[in-house]
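The structure under discussion appears below in the form of structure tokens.
The values are calculated or read from the model by the stated rules, or taken from the named source; none is laboratory data. This is a predicted model, so every value here is computed, not measured. Here the Cβ is made from the backbone with ideal geometry for all residues, glycine too, and neighbour counts use every protein chain on show. For accessibility, only protein heavy atoms count, side chains too; no ligands or nucleic acids. Shrake-Rupley method; radii C 1.70, N 1.55, O 1.52, S 1.80 Å.
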Amino acid sequence: MSEIPPIPSQNDARPSVQIDGVSKSFSGVTALEPVSLKIRKGEFLTLLGPSGCGKTTLLNLIAGFLEADSGELFINSELVTQVPPHQREIGIVFQNYALFPHMSVAQNVAYGLRTRRVPKAEIAERVRETLALVKLEDFADRRPRQLSGGQQQRVALARALVIRPRVLLLDEPFSALDRNLRTAMQVELKEIQSRLGLTTVFVTHDQSEALSMSDRIAVMSRGRIRQIGSPTEIYDSPQNHFVSTFVGDANLFSATLVETDGKKVSLNVGETRLPLTTYQDELPAAGPVTLFVRPEQCRLSAAGQDGAIPATVALSVYQGSYAEMHLDCPTAEGGRVMLRVPAAEALPVGTAVSIALPEQGPAIYAKEEAAA
Ligand SMILES: Nc1ncnc2c1ncn2[C@@H]1O[C@H](COP(=O)(O)OP(=O)(O)O)[C@@H](O)[C@H]1O
Ligand SMILES: [Mg+2]
């Protein structure tokens, strides 16, 4: 009986996918700046970013559907820049399933093995075990249109897995599914992926999907990777304005950086002088900057408190166990700050307050437009 591919050694240091300075433009318009990236064997790496930032372009370059303008691509140390897609041994799942409507589920899954001239008996066995892996063993003879969206996406996943790919690529695979089904499919994919130890590149524009599934996240905007790191690194220590706002909730203040001493900084937010210690290794030059704090790091205190930022309650949104307080704040970028308090501590609209920041934890970024 044939077996699911063995779990690769977790301490194999060679990257599974290596991208060296790969770039792409379409009719002179840059879709992807030169990108370099190493994806470890068995790693679940997510490309996260807004629509149009180059995620699909990068995925299609890895798959070989697009030819790079510059750079080199390696899979398991083999140079594949000039290798056609079907010889790269990559499994791909798209958002729209792309199943063959006239074929049964089993025939859809068998397709990649037939084109690879695998013997019939082995095809039958591998299709059977792969359908079992995605829990569709009872649906082998159905047509795609007789299946729900979630089931169709499992067929697409089985079709990608059956060839025993060296790398699995998924482009927004669950974005057409409703929320509950999406969560269920996320859990299932993660289980299958870690059981098989399969190197996976997953594309999404959904930050919570990225945070919950990934070993590492590459946050992209405008054809560039803006930060790459574990979900905790990305959430706790965003390195720039874009990442801080794209992942999680951010409060941003317009500030003036007065002086720096290593990670210790002194800055002005309006009339308020703040001494802070950041987690950053690199700080922008003195002058106008953006001060970043997560809502959970901000505390509400009485109006006029020394070293805290003046604000006024604009709206309080009851959320059951807590209330979301939206504050008008003249020194905040966009004029608003949000923080959460226990529901019983919500303050009436119009109350003058001040916002106290922790001395450890905020970050200071060079000014940047709200980028897409
Ligand atoms: N085949 C193409 N021809 C022209 N422009 C393209 C093509 N594919 C992508 N683009 C452009 O490249 C940029 C990145 O697109 P894409 O990689 O699809 O982004 P994402 O997947 O992050 O939404 C966009 O500006 C898009 O319009
Ligand atoms: Mg896309």
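Assess whether Q152 counts as being closer than 22 Å to I62 by Cα, crowded, with 17+ Cβ neighbours inside 10 Å and polar (S, T, N, Q). Write out each step before concluding.
Working: closer than 22 Å to I62 by Cα: no; crowded, with 17+ Cβ neighbours inside 10 Å: yes; polar (S, T, N, Q): yes.
Here the answer is no, as Q152 does not meet what is asked.
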**Fill in**
Checked T46, T30, T57 against criteria (of a type in the set (S, T, Y), modelled with pLDDT of 95 or more and in contact with a Leu (Cβ under 6 Å, 6 or more places away or on another chain)); the one match is T57
**Asked** In the stretch 165-217, which residues are out of contact with any strand residue (DSSP E or B) (no Cβ under 6 Å at 6 or more places or on another chain), away from ligand 2 (no atom under 16 Å from the Cβ) and hydroxyl-bearing (S, T, Y)?
**Response** T183, S194, S208, S212
**Request:** Tell me, yes or no, whether the stretch 28-36 has at least one residue that is closer than 20 Å to I163 by Cβ, more than 14 Å from ligand 1 (Cβ to nearest atom) and in the same structural domain as V167 (by TED's automatic domain parsing).
**Result:** no
**Asked** If you take the residues in the stretch 19-51 that are under 30 Å from T245 (Cβ atoms) and small (G, A, S), which one is least open to solvent (accessible area, probe 1.4 Å)?
**Response** G49
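Need at least 1 residues that are outside the structural domain of L48 (by TED's automatic domain parsing) and more than 18 Å from the chain's Cα centre (by Cα) per element, so show me which strands (runs of 3 or more DSSP E) inside the stretch 184-269 make the cut, counting only ones lying wholly within it. So that I can check it myself, show each step before the final result.
Numbers: elements: 200-204, 216-221, 224-229, 251-261, 264-269.
By residue number, 251-261, 264-269.
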**Selection within the stretch 45-76 - more than 13 Å from ligand 2 (Cβ to nearest atom) and either farther than 22 Å from S194 by Cα or outside the structural domain of S208 (by TED's automatic domain parsing) (or both)** = G64, E67, A68, D69, S70, G71, E72, L73, F74
**Fill in**
Result of the Cβ filter at 6 Å on the stretch 52-65, keeping first residues that are open to solvent by less than 10 Å² (accessible area, probe 1.4 Å) and partners that are part of a helix (DSSP H, G or I), at least 6 apart or interchain, is A63/P85
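Could you tell me whether Q95 is within 30 Å of D178 (Cα to Cα) and at pLDDT below 95?
Yes.
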**Asked** Taking the condition open to solvent by less than 40 Å² (accessible area, probe 1.4 Å) and at pLDDT 95 or above, does P284 pass?
**Response** no
**Message:** Take residues that are farther than 30 Å from L133 by Cβ and tell me which of the strands (runs of 3 or more DSSP E) falling wholly in the stretch 6-111 contain 3 or more.
**Reply:** 15-26, 29-40, 70-75
**Request:** Could you check, for the stretch 138-156, whether at least one of its residues is in contact (Cβ under 8 Å) with a residue 24 or more places away in the chain, within 16 Å of ligand 1 (Cβ to nearest atom) and polar (S, T, N, Q)?
**Result:** no
**Message:** Whether any residue in the stretch 211-227 is open to solvent by 20 Å² or more (accessible area, probe 1.4 Å) and of a type in the set (G, A, S) is what I want to check.
**Reply:** yes
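State whether the residues of the stretch 95-102 include one that is open to solvent by 70 Å² or more (accessible area, probe 1.4 Å) and within 16 Å of ligand 1 (Cβ to nearest atom).
From the stretch 95-102, those open to solvent by 70 Å² or more (accessible area, probe 1.4 Å) are 95-96, 101-102; that's our starting set.
Next, from what is left, pick out any that are within 16 Å of ligand 1 (Cβ to nearest atom): 95-96.
Taking every residue of the stretch 95-102 in turn, at least one turns out to be open to solvent by 70 Å² or more (accessible area, probe 1.4 Å) and within 16 Å of ligand 1 (Cβ to nearest atom).
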